[in-house]
Amino acid sequence: MVVSTLFHTLFGKECHLTITGFHKSSIIVFVDGKLQIIFGIQPNFETGELGYSQQVILNLKPELPQNFECKKLVISSSKHHVAIVGNNEVYLVSLPYDLSCFAFKLERIKDTYYCESLPLIKGKYGKKIKIREVKWSGDDEIFNSSTVGILLSNNSVELYSVGDLKKPVAVANFGLLLPNNSNTFGFSTMLENFSFGPKFKSEVTNDQFYTIFAIDNEGQFYTISFIIVKNNVSKIFYPIKGIPIFGSDSKHSINNICDILLLNNSCRDEIPIFAIVTYSGTVMHLTSLVKSDVDWKNGIPEFELYVIENYQLPTVKVEAGNSFMITNDSTTPNNYMIQDLYSLYSVDYTTSLNSLISQMLNKTFSDQTEPVKFHQIFGCSEKIIPNTCSVVCLDDSELKKMPLQSVLFLCVCSDGNILYHCIYRELLRKLKLPEIVENKITETPQKFVESNLISDILTIMSKRQVFPAFKISEKPNEKVQLECMIDALKIILTNNEILNQGIEKIDTTIEEMSTFHKESCTFVDKELDRLSEYFDDLMRLKETIKMCRDSIKILIKRTDKIMDCVIPSDDVPLIEDEVKIYGKLEEIENLCESMSKTTINILEDINNKKNTLYGTTKSFQSSASGQRFMLMKNTKDIEDLQKWIKKLQNNVEEFL
């Protein structure tokens, strides 16, 4: 943990700041009613100070009120909008696309931009209703990260779309389930926080449902469901109170909850994981399941919550005004942060997600002993300004060839200093996905080898005895003949046994071949089934690719139509060739001006010389016949005519 005075250098020691993370190694700063973006933050570990590459000022039009106090900055996942949250008002600022497009090419970004700021609930409720929480929707498919939810002190959540800010898209009124303040003698039940929940599809009506989860100060869970058709909320259901929770024990009772958040991961709709934190520092991970459509009352979806795990924060100062806030870590998947007035924690819940996946697939992982990775980033005696902790990625060239990610945590203290801490995270982790036995060849059938059978038969037949040659006299007696016949019979019997052994070996080999044939047939059938499944998957992929290709073509046509109507903006930076052309045009313009000035001077000199030679002459207009008469005369005639005119003038003067 290192302390930096970068903000004192940029904004002074008496500045009141609020920050949030932006693209990669950049942050957004709200100070003195203006937004600024600091790009290319990089720590210098030798001096302990933070450096930056460029500072961009965002002038708000119209400007914010002078007495506006910013509580927090909430930026959308698309990085195109940021919400400035106050006590009674929320201003939505649209950021220029240059800041997102050229975040990695800072030389093309200007130093100043003008942004439009629009109020969301200006003068709608007055100062009686306060804003308790503001969160962006993370559903990119429907909302496209353009819907913001605002929790008001009247126990309602208003949803606004950036396309139309005049009125909310939908209002989730949880106040229908809570008592009025007038009937509670000063002690009322209010919603503490809310979170956008997972989406699911009905098995009966095939409708797509979207949810909002909320909690009150007594530990009760609330939920409300709504249906969206063509990016518009078509129906909002009645809210539900008191969702049953399974798996909680008496040691970690769920009460005094201060924040709830749906953790952002790749399978949050199929396996939603909520993180909740209490004022006493107890953190729980819960997952939600939707009941069957048959169990719904009045067609309203119902849920069940299951506790996955819980743990206690190590250092917690329980005091008035100290509450915990949970935010998703945008730099690394399966990570989130917990902040209070004195500390910042980073949590890696990959193990929890893996355990849920294994339970759903009924498969065990090779390693489930690894606990939840819990890391305390900051722990200080001075107070941290709430909602000022952010995390950014550093561009470390030394780590590009290594599977590591350099992450920088930032927060602002009450004295205006910056606390920062840099850690390295592994990018390439060991895969812990369950093994699917059906897609893996576990037993390979034994191959029958012909040479083994032949060698066995030859070894067996080599045990045979050769029939001996008996030497019998010319006149053998019966005893000798019988002995020879007995010896020959013994040899025949032993050879017969050896032959029987060979026949048995051949029979067993034939039986093994039949069993081998059956196993091979079953094995081939399994492989054919697997290949058919792969083929079906490939056909589905082909269809999805075709659909994506068609949608991309439609989007290209739409963008072409839009680009035909778009007028180039002055905010778009010029490319290098355009800058050179503008420079040459300026040089040509300066040259033309200088040439015009020299031409005027030359004309004045000519007129002066003409006046000295011919005297001052007055301009006159002659008729067409006079012009023709003068053009017919030569120089001598004109001189004679001038002399005659002078004589005429003298005679007239003498006559007068």
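Being charged (D, E, K, R) and at positive phi holds for only one residue in K291, K235, K241, K230, and it is K230. Residues of the range 22-74 that are loosely packed, with under 12 Cβ neighbours inside 10 Å and either outside the structural domain of K110 (by the TED database) or in contact with a Lys or Arg (Cβ under 9 Å, 6 or more places away or on another chain) (or both): E63 alone. Take the conditions out of contact with any helix residue (DSSP H, G or I) (no Cβ under 7 Å at 6 or more places or on another chain) and at pLDDT 90 or above and apply them to V162. Does it pass? No, not satisfied. Tell me, please, whether a residue that is more than 16 Å from L261 (Cβ to Cβ) and at pLDDT below 80 can be found in the range 326-333. No: the range 326-333 contains no residue that is more than 16 Å from L261 (Cβ to Cβ) and at pLDDT below 80. Of the residues that make up the range 365-381, is at least one at pLDDT below 80 and over 25 Å from E309 (Cβ atoms)? Yes. At least 1 residues being touching a residue at least 40 places away in the same chain (Cβ under 8 Å) and over 28 Å from the mean Cα position of the chain (by Cα) is the threshold, and among the strands (runs of 3 or more DSSP E) wholly inside the range 3-105 those reaching it are 54-61. Taking the stated definitions as given, is I224 touching a helix residue (DSSP H, G or I) at 6+ places or on another chain (Cβ under 8 Å), surrounded by 14 or more Cβ atoms within 10 Å (Cβ to Cβ) and modelled with pLDDT of 85 or more? When the stated conditions are applied, I224 passes them.
Within the range 237-282, restricting attention to residues that are basic (K, R) and modelled with pLDDT under 85, which residue is farthest from N328 (Cα to Cα)?
First pass over the range 237-282, keeping only residues basic (K, R): 241, 251, 268.
Pick out the ones that are also modelled with pLDDT under 85 and you get 251, 268.
Numbers: K251: 27, R268: 13 Å.
That would be K251.
Of the residues I510, I552, the single one that is part of a helix (DSSP H, G or I) and over 60 Å from the mean Cα position of the chain (by Cα) is I510. I243: of a type in the set (A, V, I, L, M, F, W, C) and not assigned by the TED database to the domain that holds H23, yes or no? No: the conditions fail for I243. Just checking, does the range 137-145 include any residue being β-branched (V, I, T) and either modelled with pLDDT of 80 or more or in a strand (DSSP E or B) (or both)? So far as the range 137-145 goes, no, none of its residues is β-branched (V, I, T) and either modelled with pLDDT of 80 or more or in a strand (DSSP E or B) (or both).
Pairing residues of the range 111-122 that are in the same structural domain as I75 (by the TED database) and of a type in the set (G, A, S) with residues that are surrounded by fewer than 17 Cβ atoms within 10 Å (Cβ to Cβ) and part of a loop (DSSP other than H, G, I, E, B), at Cβ distances under 9 Å and at least 6 apart in sequence or on separate chains, gives S117/P62; S117/E63.
Out of the residues in the range 455-475 that are surrounded by 13 or more Cβ atoms within 10 Å (Cβ to Cβ) and part of a loop (DSSP other than H, G, I, E, B), which is modelled with the highest pLDDT? Before the answer, list the steps.
Step one: filter the range 455-475 for residues surrounded by 13 or more Cβ atoms within 10 Å (Cβ to Cβ), giving 456-457, 460-461, 464, 470.
Remaining after also requiring part of a loop (DSSP other than H, G, I, E, B): 464, 470.
Numbers: R464: 71, F470: 57.
Among them, the one singled out is R464.
I need every pair where a residue in the range 198-217 that is closer than 13 Å to I300 by Cβ has its Cβ under 6 Å from the Cβ of a residue that is among the hydroxyl-bearing types (S, T, Y), sequence separation at least 6 or different chains. Here the result reads F209/S225; T211/T223; T211/S225, each pair linking the range 198-217 to a residue that is among the hydroxyl-bearing types (S, T, Y). Annotation note: Cβ proximity below 8 Å between a residue of the range 519-535 that is touching a residue at least 60 places away in the same chain (Cβ under 8 Å) and a residue that is exposed (fewer than 11 other Cβ atoms within 10 Å of the Cβ) (sequence gap 6+ or interchain) occurs for R530/E438; R530/N439.
The values are calculated or read from the model by the stated rules, or taken from the named source; none is laboratory data. Bear in mind that the values here come from a model prediction, so they are computed numbers and not experimental data. Using ideal geometry, Cβ is built from the backbone for each residue, glycine included, and neighbour counts are taken over all protein chains shown.
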